[in-house]
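Here is the structure we will look at, set down as structure tokens.
Just so you know, all these numbers are worked out from the coordinates, no wet-lab data involved. Given the structure is predicted, the values throughout are model-derived calculations rather than measurements. When we count neighbours, we look across all protein chains shown, and the Cβ atoms used for this are built from the backbone with ideal geometry, even at glycine.
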Amino acid sequence: MKEQAAGRKFQVLNPPNLLKSKVGSGGFAMGAVDKAAKIIEGLRGEFEEIAKVEVAKLVAAAAALMSQPNDLAKRDEVYKIAHELRGQGGSYGYPLVTRFGDQLCRYLDAAAGLDAKSLVIVKATADAIAVVITSKVTGDGGDTGRALVAMLDKVLAQVKGE
Amino acid sequence: MPYELSKVRVLVLEDNGHMRKLLRNMLLAVGVGDVLDLADAAQAYIKIKQTPVDFAVVDWEIYPVSGLEFVRKIRTERDSPNPFLPIIMVTGHTERERVTRARDLGITEFLAKPISAQSLAQRIEELIDRPRPYIRTGSYFGPCRRRKRGGIFIGTERRQPV
């Protein structure tokens, strides 16, 4: 069970696979994974209701950050809401929520400090997430989705180009 | 014969109520017999000493004690209920340095949000059918971190000769 690798300061341990001995090795029962997928589908309405509340908080938090860009608590608030939304949107058919939430989190991760120009990006991204949720822009969003992506790309290019 | 998951008890540690409900219901849908779902890591640590679980699904971003700290305690504390507990870490953070940090604390599998029924099922299959040996060095205890490289290590050798 336990072996000391010759000449090395480490141990390799092979504990018994208790999980396998309990469940066997035949894979998931037929239809089990589909049942789990249906659970996600069944909770979609609940997610949409929660997301409406959360995007309202996100837009408010982004606006509050605009007035006090150096307030770390406000920055954290924006980050936390965007992070939760990016983590859940894609599960429920809202990949654009995940995409924009991810963009916002990565932008905040990379930005040492926020100034007026960078806050334009924060606000535009929060607004785009709000549009996706309130208008139920699912999947790639078709023309609306492409317009939102283009709008954010343009804002980013403008801010970076200045 | 398919997996007999009805014999299995799983800990879900997640402080977002909606995500906790989602994970719980998905696990029950694939056939898991019992789910212990908790929002607080300190409480979970105590609870699974009294009620052992077969594996855990833990969110990284929980407060006040993070999912990472929970993993660290499970792997390294003297009073750990089970240092070999298989742990699936769920997170919206997919940046390489964050993934590496989680891996270095001893997570067994990494499940990126947004989750799907398929992605959760795949991670559970990994725990059951492809368990890794455990490695103990001066600075690490947990599942071997080299499996994903096909058994051929191509990084910097950190296991030092005596």
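Tabulated data
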{"quantity": "Average partner coverage of B:19-25, which counts Cβ from other chains inside 10 Å", "calculated": "4"}
{"quantity": "Shape of the range A:57-162, Cα gyration tensor, a/c cut at 1.5", "calculated": "oblate"}
{"quantity": "Lysine pairs in the range A:1-126 with Cα atoms under 20 Å, if 8 or more residues apart or on separate chains", "calculated": "10"}
{"quantity": "Quotient of Cα Rg and 2.2 N^0.38 Å for the range B:61-117, N being how many residues it contains", "calculated": "1.13"}
{"quantity": "Selection from A:Ala130, A:Ala157, A:Gly90, by position along the positive dipole direction of the range A:36-162 (Cβ)", "calculated": "A:Ala157"}
{"quantity": "Using alpha-carbon coordinates, inclination of helix B:67-76 to the longest axis of chain B, degrees", "calculated": "60"}
{"quantity": "Cut-off under 5 Å, modelled amide H: who pairs with B:Asp37 long-range", "calculated": "B:Val12"}
{"quantity": "Over chain B: helical MRE at 222 nm, DSSP H runs n ≥ 4 each giving -39500 (n - 2.57), nearest 500", "calculated": "-10500 deg cm²/dmol"}
{"quantity": "Largest to smallest principal axis extent of the C-alpha atoms in the range B:92-141, angstrom", "calculated": "37, 27, 10"}
{"quantity": "Residue-averaged 222 nm ellipticity for chain A, from DSSP H runs of 4+ at -39500 (n - 2.57), nearest 500", "calculated": "-23500 deg cm²/dmol"}
{"quantity": "Around B:Asp54: net Lys/Arg minus Asp/Glu count, Cβ-Cβ under 10 Å", "calculated": "+2"}
{"quantity": "Pairwise FRET efficiency - A:Met151 versus A:Lys38, Cβ, R0 = 41 Å, nearest 0.05", "calculated": "0.70"}
{"quantity": "Overall form of the range B:9-69 per C-alpha gyration tensor (a/c, 1.5; a/b vs b/c)", "calculated": "oblate"}
{"quantity": "Spin-label model distance (nm) - B:Glu126 vs A:Lys136, 7 Å beyond Cα toward Cβ", "calculated": "3.5"}
{"quantity": "Angle between chain A longest axis and helix A:32-42 axis [Cα atoms, degrees, rounded to 10]", "calculated": "20"}
{"quantity": "Alpha-carbon centroids, the range A:22-94 and the range A:114-143: separation in whole Å", "calculated": "15"}
{"quantity": "Backbone HN-Hα couplings from phi across the range A:94-105 [Karplus 6.51/-1.76/1.60, Hz, Gly and Pro as x]", "calculated": "10, x, 5, 5, 5, 5, 6, x, 5, 4, 5, 5"}
{"quantity": "Overall dimensions of the protein assembly as shown by Cα: Rg and Dmax, Å", "calculated": "21.6, 64"}
{"quantity": "Angle in degrees between helix A:44-67 and the longest Cα principal axis of chain A, rounded to the nearest 10", "calculated": "50"}
{"quantity": "For the protein assembly as shown, share of DSSP beta bridges that run antiparallel, in % to the nearest 5", "calculated": "35"}
{"quantity": "Phi-based couplings in Hz for the range A:108-122 (Karplus 6.51, -1.76, 1.60; Gly and Pro marked x)", "calculated": "5, 4, 7, 7, 5, x, 10, 10, 4, 5, 5, 5, 4, 5, 4"}
{"quantity": "Shape call, the range A:10-114: gyration tensor on alpha carbons, a/c limit 1.5", "calculated": "oblate"}
{"quantity": "Distant-in-sequence amide H partners of B:Val90 (H built 1.01 Å from N, under 5 Å)", "calculated": "B:Val58, B:Asp59, B:Trp60, B:Leu111"}
{"quantity": "Counting all C-alpha pairs of the range B:1-132, share separated by more than 24 Å (%)", "calculated": "20"}
{"quantity": "Cα-based Kirkwood hydrodynamic radius, the range A:51-105, one decimal, Å", "calculated": "11.1"}
{"quantity": "Using θ = phi - 60° and Karplus 6.51 cos²θ - 1.76 cosθ + 1.60, couplings along the range B:90-105 (whole Hz; Gly, Pro as x)", "calculated": "9, 7, x, 7, 10, 5, 3, 5, 6, 4, 4, 5, 5, 4, 6, 9"}
